[in-house]
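Notes to accompany the following structure.
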Amino acid sequence: MPTHPPLPPPQAVQPAAELPLLPGSDPIILGAFQWALAHSPSLQQVVQQLPGADRKARYRLVPGMAPNYGELRIRPLEDIYDIDIVVPILAWSRCGDALEPWVASALFLALETASKGRYKETGDPQHFHFIGKTREGAFAFQAKVREELALADPARMKDLPDGQLIYRYEFRPGTYPPSTSRDVPRFSKPPVRRPLPPGVS
């Protein structure tokens, strides 16, 4: 009777990439990132590419409260770019969404910026913006990551909202997708935050 080595449990799977992080990342966002990285092949591909896209870049993962879909705060130093990847947490705190997809889309935007050589330009906030095509790409990537994470944890990630719709309505509390109309969300009491990954508090 043939025998096969047992597969490792999901929590023992090691991420396939490492992000060059500076000290000071938000611990909740960092924990969500690490869990998502271990369970999303698409996110692993983005993180694998980030170090080579700009070898001078170093990152922190920080929370943002502005009603946008991503922001980078870049401080060019002598030898590196000190970059805060701002993760919008309003979808999680106001709308009951998961945090991990928004971490993933923020990293996608960081890769888009690095791969186009725009970190020097974005040291000036007045010259920094994401064009519509980049935004659409970020939401398409986020949707893919949502699918992968739902497979990894079907109970916790069940019935995830539409991130692009949440952004469209400026992270207002409500029901996403709307139950009465595709165009007008039914706003109600703020939902309970979706639980964080095991081990993140």
Task: Theoretical gain in end-to-end length, Val192 to Ala143 [0.36 nm per residue, Cα-Cα removed] - done: 15.5 nm
TODO: Round to the nearest 0.05 the FRET efficiency obtained for Asn68 and Ala155 when R0 = 30 Å and r is the Cβ-Cβ distance.
DONE: 0.50
Open item on the list: Can you tell me the length gained on complete extension of the stretch Asp162 to Gln49, counting 0.36 nm per residue apart and subtracting the Cα distance?
Closed with: 38.0 nm
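Here, each number is a calculation from the coordinates, and none is a lab measurement. The structure displayed is predicted, hence computed values, not measured ones. Cβ coordinates were reconstructed from backbone atoms using ideal geometry, including for glycine residues, and neighbour counts include every protein chain displayed.
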